[in-house]
Amino acid sequence: MEIKDKLRKVREQKGISQRQAGVEMGISHNYYNGLETGKYNNPSLFFMQTIAEYYNCSLDELFSRD
């Protein structure tokens, strides 16, 4: 499963919109949308840590290629 698919899955499980996720993480909606659509598929370590902490999971769970 690709990063974009994992992000969408965990966000939908949380029951929130992309906009809400971005706001709560301090990430722009456009950037977060780009991660979920595959426009951006190589986030910085800072953003990876921010996203993993927000979704309460490990970096490996979100960003490893299955």
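Please identify which residues in the stretch 20-37 have an amide N closer than 13 Å to a label point set 7 Å out from the Cα of F46, following the Cα→Cβ vector.
26-28
What is the list of residues in the stretch 5-32 whose amide nitrogen lies under 12 Å from a point 7 angstrom out from the Cα of K39, following Cα to Cβ?
It comes to 28-32, nothing else.
For M1, tell me the accessible area in Å² from a 1.4 Å probe, rounded to the nearest 10.
Per-residue accessible area (M1): approximately 110 Å².
Just the accessible area per residue of the chain, please: how many Å² with a 1.4 Å probe?
With all protein chains present, the chain gives 63 Å² per residue.
Leaving out ligands, DNA and RNA, what percent of the accessible area of the chain is carbon and sulfur, probe 1.4 Å?
It is 46 percent, rounded to a whole number.
In the full protein assembly as shown, how much of F46 is accessible to a 1.4 Å probe, in Å² to the nearest 10?
For F46, solvent-accessible area is about 130 Å².
What is the local net charge at R8, summed over the other residues whose Cβ is closer than 12 Å to its Cβ (Lys, Arg +1; Asp, Glu -1)?
Here the charged neighbours net out to +1.
With a ≥ b ≥ c the root eigenvalues of the C-alpha gyration tensor of the chain, is it rounded (a/c under 1.5), prolate (a/b larger than b/c) or oblate?
Rounded, since a/c falls under 1.5.
The values are calculated or read from the model by the stated rules, or taken from the named source; none is laboratory data. What you see is a predicted model; the values in this text were computed from it and never measured. When we count neighbours, we look across all protein chains shown, and the Cβ atoms used for this are built from the backbone with ideal geometry, even at glycine. Calculation scope for accessible area: heavy atoms of the full protein, side chains included, ligands and nucleic acids excluded. Shrake-Rupley method; radii C 1.70, N 1.55, O 1.52, S 1.80 Å.
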